[in-house]
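Accompanying notes for the structure given below.
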Amino acid sequence: MVSKTKLPIDDQLFDKLNEAILFVRRNGDIIRGNSAALTLLNADLSMKKSVYEFLDFELLKPRNESHLLMAIKNQDDKLAEVKSVFMDDGTCCLIIREVFPDEKTNELKKYIDHNPGAGSEGVVMSEGISILDCDQSFADMFGYTVAEIKQRGLKELIDEQSFQQLSDQCETTGKTNELTGVRSDSSTFNFEMMQYPYHHHGKIVRLAAIKDITNQIENEKRIEYMAYYDELTDLPNRNFFYKVLKEAINEAELLHEMLAVYFVDLNYFKEINDTLGYNFGDQLLKACGERMKSFLNTDTFLARMSGDEFLILQRRPENQESVNLFADAMIDAFEKPIKINGYEIFISISIGISIYPENGTSANELIKHADSAMYVIKEKQGSHYNIFESSISENFKAMLTMETELRQALKHGQFELHYQPQKSLSSNKIVGMEALLRWKHPVKAYIPPDEFIGLAEKTGLIIDIGDWVLREACRQNKLWQDKGYQPVSVSVNLSAKQFYQRGLVEKVKDVLRETGLNAKYLELEITETMAMTNEDNIMDTMHRLRQLGVKVSIDDFGTGYSSFKYLSVFPVTKLKIDKMFINENPSQNQAIVKSIIHMSHSLDMKVIAEGVETIDQLKFLMKEKCDEMQGFYFSKPLPPEKLTKLFQAEYQSLK
């Protein structure tokens, strides 16, 4: 007889419910069932019965609540949806509903139809890894016929990770999984699967619907990419860097570790963009990004900040010396030219560095301070790095102090010109000299130009200082000529701001008139970068200077990005080969020097090599018919009184 155990439901209501309900003990003994349950299970409960005679109750016991599809035993594969709830006293309530495969298929179809991201769709029935049946849409999705699909296992249709995910959830009902499918041609696609596993004679049969969500996944990835990556260089962007840096700071705080942030700026990038075009500039940015990737490892992270600026995070540097070595290595990497469309670009970099926790404890502080440290050295020639100082205001105070001292130096005559003689390699005579600025500070003695020229550029003082240099060089040269020494040219370096200023040609004309120096004995040197920037204005200024009789030369040739085509139309009289090609990697650079000499002669230009320090360098230049040289092998830069003695010695030798 069925037990009369008190149940948590009214007896009359229980018998009138349309849903089939059974109450059973944990050992499987049926306590009570309503009429709907007895009819569905075809059970006679006048005798003591066990639920194991009708259902695989063991599958429901591991969880307090379960929802499974399973076969009703001994009823010709009748399928039931069973919900089970175990109560505190160990009694289990089973709610049973008969379902049909077509009914569940329709439910799956309805799920697909209401999904806005759905692509193609299909239905499949499987047992273990074997496919029992599928529709044509499912087969088409994988590139097979229905017959071919049935001969294959699920493991052949999805990747290993997806198969493991599916296996882990073999008894989960109504859950969707995102999986990766493998087509017949081995290509992959993303799909979503909603499955209803049910138990049939001790075996698990899955009825599942899948839909192609490849486009949806690609769109999501695209949105994520745009949020965290730079499309041009394919590097992480500032947002991603900020996120990673915040996480690194949290970890460094817990482990008491050091971090370094490097703010890298490409020098003269704007000039390259303006001269060679934005497409060229984009290629250069990508190439620089690729070069910086060589520094990536498990402890570094690289991102593009914006424009020509990049960020590098270094985790766990041992000390400040290792930070310095890392910066030096980056600078060394950019000593080699970058080849783009037949151009060899020598790009220099400025690196600002901030260190956690000394220079900041937040991502914003570290990035800002690295940027500030970079700004301090941005105007210096060539590649440099600078570590942020804890009190940035002190740096600005020092800059303001130096600016005041620069103005005083100009007012009180603290500037001097030293002259480095230039020698003809054919006649062995002095044929020119380069005027080089020196600041004799009343307290600090001589201050190197690279410590104040950048500040002079920023403040605009370079115009007044440059005017003094031009006038003094012309005055001194005319003075030597008036004393009877052999007339030679004096070369004066012009900064970008000087060369681009309005009225430059008129200013030069006035200085020549005031000093009485013949224009043919003045040579103005501009950098390769300046020559290639703002081409129309540069060309006009050069032509007007040449009409005065003033010579124009290109300084530090080979370190920038000049085009031989431009050189052929510019009214340039001389190229100065950068000392880097003379002093470094002689075997490698000799071919470059040869090319520059031969190219210049073909364009009717003279060539002068600077930085000549050894007899071997001199012999090589003479062999290649270089026109002139300057360097320590012949003479270092000299103050006027010492150069006068050199002129006197040469004058006596000619008598």
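If R0 equals 60 Å, the separation of the Cβ atoms of residue 130 and residue 246 corresponds to a calculated FRET efficiency of about 0.75. Ordered from longest to shortest, the equivalent ellipsoid semi-axes for region 231-359 are 29, 15, 11 Å, each the square root of 5 times a Cα gyration tensor eigenvalue.
Within a 10 angstrom radius of the beta carbon, how do 191, 334 rank from fewest other beta carbons to most?
334, 191
Counting only the Cα atoms, region 444-503 fills a convex hull of 115 Å³ per residue. Rounded to the nearest whole angstrom, the semi-axes of the ellipsoid equivalent to the chain, taken from the Cα gyration tensor as √(5λ), stand at 88, 27, 19, largest first. Computed on the Cα atoms alone, the convex hull of region 321-463 gives a volume of 199 cubic angstrom per residue.
Dipole of the chain computed with +1 at Lys/Arg Cβ and -1 at Asp/Glu Cβ about the Cα centre; of 518, 398, 64, farthest Cα towards the positive end is 518.
Relative to the 2.2 N^0.38 Å rule of thumb, region 271-313 has a C-alpha radius of gyration ratio of 1.30.
Taking neighbour counts of Cβ atoms within 10 Å as a proxy for exposure, in what order, fewest first, do 624, 127 appear?
127, 624
About the centre of its Cα atoms, the chain shows a dipole size close to 2540 debye [charges on the beta carbon of Lys, Arg (+1) and Asp, Glu (-1) only; nearest 20 debye]. Fewest-first ordering of 587, 602 by other beta carbons within 10 Å of each residue's beta carbon gives 587, 602.
The Rg/Rh ratio for region 234-288, using Cα coordinates for both the radius of gyration and the Kirkwood hydrodynamic radius, is 1.19. When region 229-390 is described by a simple charge dipole with +1 on each Lys and Arg Cβ and -1 on each Asp and Glu Cβ, the residue from 278, 349, 267 located farthest towards its positive end is 278. Shape index of region 306-366: Rg/Rh, with Rg the Cα radius of gyration and Rh the Kirkwood radius from the inverse mean 1/r over Cα pairs, equals 1.06. Fraction of C-alpha pairs exceeding 19 angstrom in region 11-99: 32 percent, rounded to a whole number. Reported value for region 575-655: 110 Å³ per residue, from the convex hull of its C-alpha atoms. Between the residues 258, 151, 587, the greatest Cα displacement towards the positive end of the dipole of the chain, with unit charges on the Cβ of Lys, Arg, Asp and Glu, is found for 587.
When restricted to Cα atoms, region 400-641 yields an Rg and a Dmax of 17.8, 51 Å, respectively. Using only side-chain charges placed at the Cβ, +1 for Lys and Arg and -1 for Asp and Glu, the dipole size of region 400-641 relative to its Cα centre rounds to 600 debye.
No value in this document is a laboratory result; all are computed from the given coordinates. Fair warning: this is a prediction, and the values are worked out from it, not measured in the lab. Using ideal geometry, Cβ is built from the backbone for each residue, glycine included, and neighbour counts are taken over all protein chains shown.
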